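Participant: This is the structure I want to talk about, given as structure tokens.
Every number here is computed from the coordinates shown, using simple stated rules; none is lab data. A quick note: this is a predicted structure, and the numbers were derived from the prediction, not measured. Cβ coordinates were reconstructed from backbone atoms using ideal geometry, including for glycine residues, and neighbour counts include every protein chain displayed.
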Amino acid sequence: MNKQDDRSLGGALAGIKVLDLTTLLPGPLATLYLAEAGADVLKIERPGGEDLRRYPPFFDGRSITFEILNRGKRFLELDLKSEAGLEEIRALVAQSDILVEQFRPGVMARLGLDYESLRDLNPGLIMCSISGYGQTGPRAFEAGHDINYMGLTGLLSLSHGAIDRPVLPPTQIADIGGGSFPAIMNILLALVQRSRTGQGTFIDIAMSDAMFTFAPFAFAEMAKRKSVPGSGEMLLTGASPRYGLYATGDDRLVAVGALEDKFWTSLCEAVALAPDLRDDQADPVATKAGLADCFRTRSSQEWQPILQAADCCATVVRDLRDALQDDHFIARGLFDGEIDLETGQSFATLPLPIAPDLRKGGCRDE
């Protein structure tokens, strides 16, 4: 249980009841946001619990990932293949505001839990279905995971590294950016609409759909030159010396984002780039090579104060443990939340960017 959940203040979604029929990452993260904003989230699991409970790493016998994504929720195991389980879920639907599910398309209909059937029980119900390719279309029933959705929509083609050493994205862009966040936004929009009309709605979230939303610069390039950008060929994917990763003398990396001229000039001065290489439009490859040579002359510890003083949008890449110790993030209270286990042990939980006044237990005027 999150220590913050003990506080009695309600949050922006206080009084909203959510049925969570999701598993793994996309749906649970979406309903976690709702729970942190004060909604009463009841997670429905199959007998024995959902698969994520058995995913490592474990802490005191509990899946840390499951605990992080499902804090602040209530839990109920139901066998939806049984009539008793279906009767119970229907009774819960009649009293709920939102239902979020993540089954394969068609499963809810086979169970008699499709939106049309549930709307008869509760006209105000907002039902959100999260799937890879959506509820309709030729690919609706295809299996897939994050990397497939990014690959199929062209997003991976824009920056995957060398063909013989391809690089994976560092996070689940489709699961979170294509599943969790669109689900949250559409659910909140549906709540606003319901406040005006009194009617619920059905929301079809396809994780693959949103991958195109992550490629605005590629769309612009295609419109300009009528051709498809290749891997590393755009300003923000590796074509410009001003935006990229450079190795230091101690084999750490510096993230450079000196796009504007004032930042680029400051960076060139800070690293002492040769004057004849500072016009990065003349020979970008040569400029990038020269910049790489400059960064190799010092360790990351030596570069850090130099770059910070230059204020040139260049920072030493940290590992996650170092980032957790940063005074700035600590001062903003990002890591104040903890998950307590029954044994008395606890661990830090995942920060969520919800404004304090909107979350459960948030600030209120006296």
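Participant: Give me the number: length gained by fully extending T136 to F329, i.e. 0.36 nm times residue separation minus the C-alpha to C-alpha distance, one decimal in nm.
Facilitator: The T136-F329 span can extend by a further 65.2 nm.
Participant: Obtain the nm distance between the two label points defined at A272 and F75 by a simple spin-label model: each point lies 7 Å from its Cα along the Cα-to-C-beta direction.
Facilitator: Label at A272, label at F75, 5.9 nm between them.
Participant: What does the highest-first list of 61-72, 173-184 look like by mean Cβ count within 10 Å?
Facilitator: 173-184, 61-72
Participant: Based on the Cα gyration tensor of the chain, what are the three equivalent ellipsoid semi-axes, each the root of five times an eigenvalue, rounded to whole Å and given largest first?
Facilitator: Output for the chain: semi-axes of 44, 26, 19 Å.
Participant: Roughly how many debye, to the nearest 20, is the charge dipole of the chain about its Cα centre, given +1 on each Lys and Arg Cβ, -1 on each Asp and Glu Cβ, and no other charges?
Facilitator: Dipole of the chain, to the nearest 20 debye: 580 debye.
Participant: Also: Run the dipole for the range 3-214 about the Cα centre, Lys and Arg Cβ at +1, Asp and Glu Cβ at -1, nothing else charged, and hand back the magnitude in debye, nearest 20.
Facilitator: Here the range 3-214 has a charge dipole of around 260 debye.
Participant: Which ³J(HN,Hα) values, rounded to whole Hz and listed in residue order, are derived for the range 235-247 from phi using the Karplus coefficients 6.51, -1.76 and 1.60 in 6.51 cos²θ - 1.76 cosθ + 1.60 with θ = phi - 60°, glycine and proline given as x?
Facilitator: After applying 6.51 cos²θ - 1.76 cosθ + 1.60, I find 3, 9, 10, x, 6, 9, x, 6, 9, x, 10, 10, 7 Hz.
Participant: Of the options P170, G11, F214, report the single residue whose Cα projects farthest towards the positive end of the charge dipole of the chain (beta-carbon charges: Lys, Arg +1; Asp, Glu -1).
Facilitator: It is F214, whose Cα lies furthest towards the positive end.
Participant: Rounded to the nearest 0.05, what FRET efficiency is calculated for R90 and F219 with R0 set to 41 Å and r the Cβ-Cβ distance?
Facilitator: The pair R90/F219 has a calculated efficiency of 0.40.
Participant: What number, in percent, do you get for the relative contact order of the chain if the mean sequence gap of Cα pairs under 8 Å and at least 6 apart is divided by its residue count?
Facilitator: 19 percent
Participant: Here's a follow-up. Would you please put 305-316, 221-232, 236-247 in order of how densely packed they are, using the mean number of other Cβ atoms within 10 angstrom per residue and starting with the highest?
Facilitator: Top to bottom by mean Cβ count within 10 Å: 236-247, 305-316, 221-232.
Participant: Quick check: pseudo-label points 7 Å beyond the Cα along Cα→Cβ at V192 and T297, how many nm apart are they?
Facilitator: Roughly 5.3 nm, to one decimal.
Participant: Mind listing the long-range amide H neighbours of G200? Cut-off is under 5 Å, sequence gap 5 or more, other chains count too, H placed in the peptide plane at 1.01 Å from N.
Facilitator: Residues meeting the criterion, in which the H sits 1.01 Å from N, are G124, L125.
Participant: Let me ask another. What is the spin-label model distance, in nm, from V228 to K17 if the labels are put 7 Å beyond Cα along the C-beta direction?
Facilitator: The two pseudo-label positions are separated by 4.9 nm.
Participant: Fewest first, what order do H328, H160 take by the number of other Cβ atoms within 10 Å?
Facilitator: Ranked by crowding around the Cβ, least crowded first: H328, H160.
Participant: Would you mind counting up the charge near Q102? Only other residues with Cβ under 13 Å from its Cβ, with Lys and Arg at +1 and Asp and Glu at -1.
Facilitator: Summing Lys/Arg as +1 and Asp/Glu as -1 gives -4.
Participant: Does anyone have the angle between helix 261-271 and the longest principal axis of the chain? Alpha-carbon axes, 0 to 90°, nearest 10?
Facilitator: 60 degrees
Participant: How big is the dipole moment of the range 5-103 about its Cα centre under a simple scheme where the beta carbon of each Lys and Arg is +1, that of each Asp and Glu is -1, and everything else is neutral? Debye, nearest 20, please.
Facilitator: Here the size comes out at about 160 debye.
Participant: Which residue, chosen from A91, F202, Q135, occupies the Cα position most advanced towards the positive end of the dipole of the range 3-214, where the dipole is computed from +1 (Lys, Arg) and -1 (Asp, Glu) charges on Cβ about the Cα centre?
Facilitator: F202
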